[in-house]
Amino acid sequence: MSRVFCGTVQIHNEYLNRLSENKSGIKLFKIELPVYYDLVSELVSYLNEVELQRAEKYHYPKDTNRFIICRTFLKFILAQKLRLDISEIQIKKDENKKPYLSSDKSIHFNVSHTERFAIIAISNNPVGVDVEYINKNFDYSEVLPHVFNKQEVDAVLKSNTKDYTFYKFWTRKEAFVKATGKGISDSLPQIPATDGNHSINPHLLGNFKSLNVLSFDLHTDYIAALAFGGKNIDTDELLIYNLPTSLEKLIAFIN
């Protein structure tokens, strides 16, 4: 059997005046999307033809803007890490629709967004991240038995913060499947989400021998989870970067 650890950590917000990794070897970036809406007309110039076509397929302007912001910032971050021009960053998708960098498959990344916020995770190993808005008006009662096992369902129903617990478990499972690259499947109830160490069938982990899934509060009413391989990390805090709010500072970040 293989091992999965689920736990909760705090985050420490840092601005991009210096870059350092979490103990997991992962860099996390937080994007408050509405802050950058006024920059969309400038950011779009950093997209290639395929990315522009994808942006145009979204029905709602909010979704178009979100894609432009997240994709451009991802390319900025990858360009900075690899010391490349942003035009050299070409992002493709594998057979499971997981994005990868065509010029350097040793660099792994994942992006998640919801409502006002997005997160980008960059690592030298496969990684998954998910963020969700805690929608207190969402009726998840019919979802529970299809996504969670009995222990998890009971934990949600008995929780004093049912909505929070539901989204904590949900984001953990989402981060898990994004890290493994397997995508959403009928195996979701078999993916553990309660706190602690779990033994699971190795086929669920893909190429991982073990996986850590850490939850954290990104903002009021926003919860996120990060999934990555390796031993349990001895930390109660993750570092997450806030990106600059001007295009000039973003360009300076690359250079």
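The values are calculated or read from the model by the stated rules, or taken from the named source; none is laboratory data. These numbers were taken from a predicted model, which means no experiment stands behind them. All Cβ positions, even for glycine, are placed from backbone atoms using ideal geometry, and neighbour counts span all protein chains on display.
Just the residues that are assigned to a strand (DSSP E or B) and not hydrophobic (A, V, I, L, M, F, W, C), please, taken from the range 218-227.
Across the range 218-227, the qualifying residues are HIS219, TYR222.
Being part of a loop (DSSP other than H, G, I, E, B), charged (D, E, K, R), without any contact (Cβ under 8 Å) to a residue 60 or more places away in the chain and closer than 22 Å to GLU174 by Cβ is the filter here, so list the residues in the range 82-135 that pass it.
GLU95
Does GLU142 qualify as being touching a strand residue (DSSP E or B) at 6+ places or on another chain (Cβ under 8 Å) and either in a loop (DSSP other than H, G, I, E, B) or touching a residue at least 12 places away in the same chain (Cβ under 8 Å) (or both)?
no
Within the range 178-190, identify whether any single residue is closer than 19 Å to ASN125 by Cβ, buried (at least 17 other Cβ atoms within 10 Å of the Cβ) and either of a type in the set (Phe, Trp, Tyr) or touching a helix residue (DSSP H, G or I) at 6+ places or on another chain (Cβ under 8 Å) (or both), and answer yes or no.
Within the range 178-190, one or more residues are closer than 19 Å to ASN125 by Cβ, buried (at least 17 other Cβ atoms within 10 Å of the Cβ) and either of a type in the set (Phe, Trp, Tyr) or touching a helix residue (DSSP H, G or I) at 6+ places or on another chain (Cβ under 8 Å) (or both).
For (1) in a helix (DSSP H, G or I); (2) surrounded by 18 or more Cβ atoms within 10 Å (Cβ to Cβ), each residue gets a yes or a no:
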position: TRP170; (1), (2): yes, yes
position: LYS173; (1), (2): yes, yes
position: PHE176; (1), (2): yes, yes
position: PRO192; (1), (2): no, yes
position: ASN197; (1), (2): no, no
position: HIS203; (1), (2): yes, no
position: PHE208; (1), (2): no, yes
position: ASN212; (1), (2): no, yes
position: PHE216; (1), (2): no, yes
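Can you tell me how many residues within the range 178-190 are out of contact with any Pro (no Cβ under 6 Å at 6 or more places or on another chain), outside any loop (DSSP other than H, G, I, E, B) and closer than 23 Å to HIS113 by Cβ?
Residues flagged as out of contact with any Pro (no Cβ under 6 Å at 6 or more places or on another chain), outside any loop (DSSP other than H, G, I, E, B) and closer than 23 Å to HIS113 by Cβ within the range 178-190 amount to 3.
Does the range 89-125 hold any residues that are among the small types (Gly, Ala, Ser), out of contact with any Leu (no Cβ under 9 Å at 6 or more places or on another chain) and surrounded by fewer than 21 Cβ atoms within 10 Å (Cβ to Cβ), and which are they?
SER102, SER106, listed by residue number.
Just give me the residues in the range 178-226 being in contact with a Ser or Thr (Cβ under 8 Å, 6 or more places away or on another chain), among the charged types (D, E, K, R) and more than 21 Å from THR161 (Cβ to Cβ), in sequence order.
Hits for the range 178-226 are LYS178, LYS209.
Could you give every pair whose Cβ atoms fall below 7 Å, whose first residue belongs to the range 43-67 and is at negative phi and touching a residue at least 60 places away in the same chain (Cβ under 8 Å), and whose second residue is surrounded by 18 or more Cβ atoms within 10 Å (Cβ to Cβ) and not aromatic (Phe, Trp, Tyr), counting only separations of at least 6 or pairs across chains?
These pairs meet every condition: LEU43/ILE68; LEU43/ILE69; LEU43/THR72.
Given the conditions (1) within 24 Å of MET1 (Cβ to Cβ); (2) out of contact with any Leu (no Cβ under 7 Å at 6 or more places or on another chain), and given that GLN190 satisfies all but one, which numbered condition is not satisfied?
Exception for GLN190: condition (2).
Anything in the range 9-42 that is polar (S, T, N, Q), in a strand (DSSP E or B) and at pLDDT 90 or above? List them, or say none.
GLN10
Evaluate the following for ASP130: is it surrounded by fewer than 16 Cβ atoms within 10 Å (Cβ to Cβ) and acidic (Asp, Glu)?
no
Can you find a residue that is in contact with an Asp or Glu (Cβ under 7 Å, 6 or more places away or on another chain) and charged (D, E, K, R) anywhere in the range 163-174?
Checked against the condition, which is being in contact with an Asp or Glu (Cβ under 7 Å, 6 or more places away or on another chain) and charged (D, E, K, R), the range 163-174 yields at least one hit.
When you check SER141 against the structure, is it of a type in the set (Ser, Thr, Tyr), surrounded by fewer than 16 Cβ atoms within 10 Å (Cβ to Cβ), farther than 11 Å from PRO189 by Cα and at pLDDT 95 or above, yes or no?
no
Checking PHE148 against (1) modelled with pLDDT under 95; (2) in contact with a helix residue (DSSP H, G or I) (Cβ under 8 Å, 6 or more places away or on another chain): exactly one of these is not met. Which one?
PHE148 satisfies every listed condition except (1).
Spot the failing condition for LEU52; the list is (1) surrounded by 15 or more Cβ atoms within 10 Å (Cβ to Cβ); (2) part of a helix (DSSP H, G or I), and only one is missed.
The single condition LEU52 does not satisfy is (1).
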